[in-house]
Every structure is written in structure tokens, then in C-alpha cells.
Amino acid sequence: MRRLAALWGALLGAALAAVLYAGWKVASFPFPPFDLFDWVSRRLPGPLLTGAIDAMVRLLRAVDLGRTDTAAKMVEQTMAVLLWIVLSAVAALLVQAATGGGRRAALVPGLLAGAVLGVGALAIRAGLGHPVGGAVLGSVFVVAACEVWGAALGRTLDLLHAPSVERLGRRRFLIRLGGATAAITVVGATVGALTGGGERPRGRRWSAGNRLPNASDPVAPAPGTRPEFTPLERHYRIDINTMAPKVDGETWRLSVRGLVERPQELTLAALRSLPPTHQFVTLSCISNPVGGDLIGTTRWTGVSLQELLPRLALLPSATHLEIRGADGFHEVVPLATIRSDPRVMLAYAWDGVPLTVGHGFPLRIYIPDLYGMKQPKWITSLEAVERPRDGYWVVRGWDRTARMRATSVIDSVAVEAATRGEDGRVLVPVGGFAHAGARGISKVEVQMDDGPWQEARLRHPISPTTWTIWRADLSFTPGAHRLTVRCVDGQGEAQSIDRRPPHPSGASGLHGKEGTLPA
């Protein structure tokens with residue numbers, strides 16, 4: 001009977017998840033399965049969490065499910081729902097145990113379990129810093145749905161012991177009930193899917209009517225090289241939540257506190273009224289493997305934090321700013337960095353349009369030369385402190401500095417675009433990008449098989465803080481060839497050839513690609 005109770009609990013858990021999903025998509029009500037997953041993941045030991053991240057990235061690259069960030073988020077969300085279903089099965093076992101194996105009625109224990117599940121879900125949400133008290137209708141919906149789940153669970157466990165069910169047969173009874181829960185699950189999931197569309201940046205983009213600063217550069221990217229300016233829909237997104245927090249831009253305030261002359265709050269309109277700064281920037285995730293797609297380039301707009309500092313009225317004892325986001329993420333930035341580099345900015349737009357919810361609306365920070373793990377999104381507060389504090393990922397074992405490593409990638413071996421030179425040799429365009437944070441790139445070299453390293457031509461970068469597109473037209477002979485690329489940054493430091501995983505300081509090693517010229 002325990003197996004039947006667990007099975008029924010799991011089926012009801014799936015149906016409850018579908019109903020909650022529909023409420024989340026239709027009315028922006030809380031979705032407890034995601035909150036539970038986020039709460040659990042934040043309490044996992046750092047080595048376990050980072051190991052799981054590295055393993056997931058390797059697996060996703062091996063099975064090639066498309067973009068790494070999108071696939072990773074899908075995996076996280078699937079795991080969240082499965083965790084919820086498992087929790088529902090465990091709750092069913094506890095309710096069944098409370099009845100003494102069916103000797104007592106299960107309705108009251110079921111209702112009690114539903115109440116615990118609903119209230120616990122709201123408590124977890126509050127613990128994550130998400131709004132609960134201000135969303136009364138959503139809270140009522142969650143508790144009511146969990147109570148219906150508890151009532152259905154209790155009533156079903158009672159029926160499993162009823163004489164009428166004994167005569168009908170438990171298998172036939174469960175098939176009928178399973179069909180009902182499956183129908184509820186499908187309807188709830190369908191309603192949610194039909195009402196939830198993907199978020200698109202709104203407004204006319206800067207790139208739609210402007211040329212890039214390097215548009216006239218004579219070095220053209222090799223066919224098949226990734227876009228030099230990343231379309232917003234393809235810009236990577238990695239963060240710590242299963243779903244991005246939704247922030248109301250009208251009521252949002254940037255809280256300034258800590259070692260300041262007076263605490264204050266800044267509105268988004270106030271930040272937008274300040275002289276804007278525009279920067280072309282390449283951002284990369286520290287979890288990006290060599291040759292991975294967790295990297296992108298676009299034009300960011302915001303306010304220089306250096307220019308904003310006088311308005312913050314910091315006390316002389318302040319040495320760092322701790323930045324916190326609505327998702328619970330936090331990092332510190334030395335004031336010395338801000339005072340020495342006007343490029344450190346609080347960004348509120350990209351490619352000329354407001355940030356989307358998924359990419360940090362209403363405010364995120366950009367710090368040159370550092371991986372994305374040091375750059376919070378959905379910023380809600382700046383706290384001036386007198387000593388550095390460990391950031392979210394530093395506590396979990398990642399690098400304290402997180403300075404971008406020099407890297408170079410082969411995107412394309414364009415055999416289909418091969419040409420024949422004046423001397424009769426077959427020339428194949430090979431291309432990709434090289435990047436070293438804000439340090440720039442001074443040289444890229446390509447090697448074919450075990451031959452000599454050949455210097456590639458460099459396209460002038462869009463800005464000093466973006467990647468550099470390179471191209472080499474190599475002489476190919478028929479057959480399969482292995483190509484490898486390496487680079488030197490703008491300070492003369494060669495790219496590391498040591499093959500290392502992303503954790504804890506970013507991936508390193510040389511990238512290669514196969515190319516075959518038909519006979």
C-alpha cells in the first residue's frame with residue numbers, strides 16, 4: 001500500500017504543479033516548485049554545487065541541446081518540478097503513515113499536509129526575498145491549491161481501503177484516477193504554455209539604424225564566424241534563480257546605505273536623467289568552457305559609477321561597495337576600482353532599448369575585465385562598507401578576483417568558401433574570435449596539424465572592451481586536418497595552454513576544430 005500511496009502522491013503532485021504553473025503564467029502567482037529548487041540549491045555545499053554546474057555544462061555540450069544557457073535553464077526547471085513531485089510522494093507516505101496503514105481516516109491528515117505544504121512554500125519564498133505579503137491573492141491561491149491537493153490525497157487514500165474499491169479492483173481504480181490527474185496536468189500545463197510567451201526587448205534598437213565603429217575595417221569575418229555584434233535574443237543569460245525576478249520599474253528604488261552621510265533612494269528616472277555612457281562590451285560567464293557559447297557582445301547604456309560617487313556621499317572610512325540584487329546575488333567592488341576606471345557603470349539599457357527582465361531589469365553593473373560572476377543584475381541596493389566581503393560565488397569556492405582569461409576560438413573552417421590562389425593553392429577561410437577582457441588582443445596564430453604557427457589577420461575590435469574577430473586563409477590539401485588557435489593579449493601575455501576546467505578561475509587551454517577538403 002505504501003507504493004500506491006507514493007504513486008498517487010506523485011500523480012497529484014504533478015497535477016498540483018500544473019495548476020500552480022498555470023497560475024504563475026496567467027496571473028504571476030508564486031510557483032513553489034521553482035522557489036523550492038532555488039532554496040535547496042542555495043543551501044548545498046559549495047563544492048557540490050560547483051561540481052554539479054561543471055558536470056551539467058559538460059553534459060549539455062556533449063549531447064548538444066542547443067544554446068548552453070537555455071538548455072541549462074530547462075534542465076534546472078525540469079529538476080525543480082521533479083523535486084516537487086518527489087516531495088509530494090513523500091508527503092503522501094507521511095499521510096498514509098498517520099492513518100495507521102488505513103485504519104484511520106486520511107482526510108484530516110491530508111488537509112494538514114496541504115496546509116503545511118502551502119504555508120511552507122510561502123515561507124521559502126519569503127526566505128528567498130521574494131514578495132509574499134504584498135501578493136495576497138497569489139498567496140491565497142497557493143495555499144488553496146495545496147489544500148485541494150491535501151483533500152484529494154486524503155480522500156483517495158481513504159477510497160483505496162473502501163469495500164467498493166476492493167470490488168472494483170485497485171488497479172482499475174488507480175487507472176481512472178490517474179487519467180483524471182493526467183487530464184488536470186495537461187490542462188494546467190497547456191494553459192500556462194499558451195499564455196506565457198518569450199520576452200522580447202521592446203523599442204527600436206541602436207543596431208537597427210547605426211553602423212558599428214569598425215564597419216569599414218578591411219578584414220572581413222570568415223564565413224560561419226559568429227556575429228560580431230550579438231543579437232539580443234542570443235545574448236547568454238546565467239544567474240542563480242530558476243526564473244528571473246520580476247521587478248516593477250515604477251516602484252523600484254536603488255537603496256544607498258551603509259557608510260554614507262545619509263541613506264537615500266534613487267529612482268530609475270533619476271538615473272536615466274544623468275549623462276549617459278555607452279559602451280560596447282563583451283561579457284563572458286566564468287563557467288564558459290573553452291570554445292563555449294556563454295559569451296556575447298552588445299552595446300550597454302547606463303551611468304558611470306565614478307560620476308555617481310559624489311552623489312552617494314560616502315564616508316571616508318568606506319572602501320568597498322557591496323551590491324545586491326533582487327535575486328539574492330551579491331558582490332563587492334573596491335572603491336579604488338570605481339575611482340580609477342570610469343567604465344564601471346550601472347547599466348539600464350542594451351542596444352538602445354531597456355533591459356529585459358531576464359537580463360537584469362531595471363539595473364545591472366558592468367566591471368571591465370571581470371567575468372559575469374562578479375557583476376550582479378536586478379540591483380536593488382548599494383551598501384558602502386569598510387572592508388571587503390566575499391561575494392555569492394566566492395563563498396561557494398570560485399575565484400575571488402575572477403579576471404577574464406585570454407582565450408581564442410575557431411568558429412569556422414569554411415571549406416565551402418574555398419578559393420584558388422594565383423599559385424594554384426586551395427585557400428580555405430578559417431576564422432573566429434579572441435578575447436582577453438579589457439586587455440585587448442595583439443596576436444592570433446593558427447596551426448594546421450603539426451605544422452608551423454601562422455599569424456592570422458585581426459579585424460579592428462568594436463571597442464577596447466570587446467572581442468577581436470580574426471581570419472586566416474590557409475592553404476589546404478585534400479583530406480582531414482586539425483586546426484588549433486592561440487592568442488596573445490594586448491599586454492603581451494600569451495594565452496595559457498594548460499587545459500583547465502572553468503572552476504574556480506575560468507577555463508583555459510587551446511581550442512581546435514576539424515576541417516576536411518574533398519579530393
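The values are calculated or read from the model by the stated rules, or taken from the named source; none is laboratory data. Remember, predicted model here, so these are calculated numbers, not experimental data. As a convention, Cβ positions derive from the backbone with ideal geometry for all residues, glycine included, and neighbour counts pool all protein chains shown. The accessibility values were calculated without ligands, DNA or RNA, using every heavy atom of the protein model including side chains. Shrake-Rupley method; radii C 1.70, N 1.55, O 1.52, S 1.80 Å.
A few notes on this one:
- Filtered by the rule that a residue be farther than 24 Å from LEU355 by Cβ, of a type in the set (Val, Ile, Thr) and either exposed (fewer than 14 other Cβ atoms within 10 Å of the Cβ) or at pLDDT below 60 (or both), the stretch 186-236 gives VAL186, VAL187, THR190, VAL191.
- Lone qualifier among VAL444, VAL430 - being under 27 Å from SER216 (Cβ atoms), crowded, with 23+ Cβ neighbours inside 10 Å and in contact (Cβ under 8 Å) with a residue 60 or more places away in the chain: VAL430
- Among the residues of the stretch 341-366, those identified as under 19 Å from THR230 (Cβ atoms), hydrophobic (A, V, I, L, M, F, W, C) and not in a strand (DSSP E or B) are LEU355, VAL357, PHE361.
- Condition met for PRO289 (over 19 Å from ARG324 (Cα atoms), without any contact (Cβ under 8 Å) to a residue 60 or more places away in the chain and either assigned to a strand (DSSP E or B) or open to solvent by 10 Å² or more (accessible area, probe 1.4 Å) (or both)): no
- First in the stretch 204-223 and under 15 Å from PRO461 (Cβ atoms) and touching a residue at least 24 places away in the same chain (Cβ under 8 Å), second anywhere and among the charged types (D, E, K, R) and open to solvent by 50 Å² or more (accessible area, probe 1.4 Å), Cβ under 7 Å, 6 or more apart: VAL219/ARG457
- Selection status of ASP450, on the phi < 0 side of the Ramachandran plot, out of contact with any Asp or Glu (no Cβ under 8 Å at 6 or more places or on another chain) and open to solvent by 10 Å² or more (accessible area, probe 1.4 Å): yes
- Qualifying residue in the stretch 298-314 (condition: crowded, with 16+ Cβ neighbours inside 10 Å and either modelled with pLDDT under 95 or part of a loop (DSSP other than H, G, I, E, B) (or both)): no
- Single condition PRO30 does not satisfy, out of (1) open to solvent by less than 40 Å² (accessible area, probe 1.4 Å); (2) of a type outside the set (Val, Ile, Thr); (3) free of Cβ contacts under 8 Å to residues at least 12 places away in the same chain: (3)
- Tally, over the stretch 327-343, of residues that are modelled with pLDDT of 95 or more and small (Gly, Ala, Ser): 2
- Consider the stretch 237-265 and keep the residues that are surrounded by fewer than 19 Cβ atoms within 10 Å (Cβ to Cβ) and basic (Lys, Arg). The one that is nearest to ARG202 (Cα to Cα) is LYS246.
- Residue check: TRP24 meets all listed conditions (1) within 26 Å of GLY328 (Cβ to Cβ); (2) surrounded by fewer than 19 Cβ atoms within 10 Å (Cβ to Cβ) but one, namely (2).
- Test for ALA52: is it surrounded by fewer than 20 Cβ atoms within 10 Å (Cβ to Cβ), under 21 Å from GLU147 (Cβ atoms), without any contact (Cβ under 8 Å) to a residue 12 or more places away in the chain and of a type outside the set (Val, Ile, Thr): no
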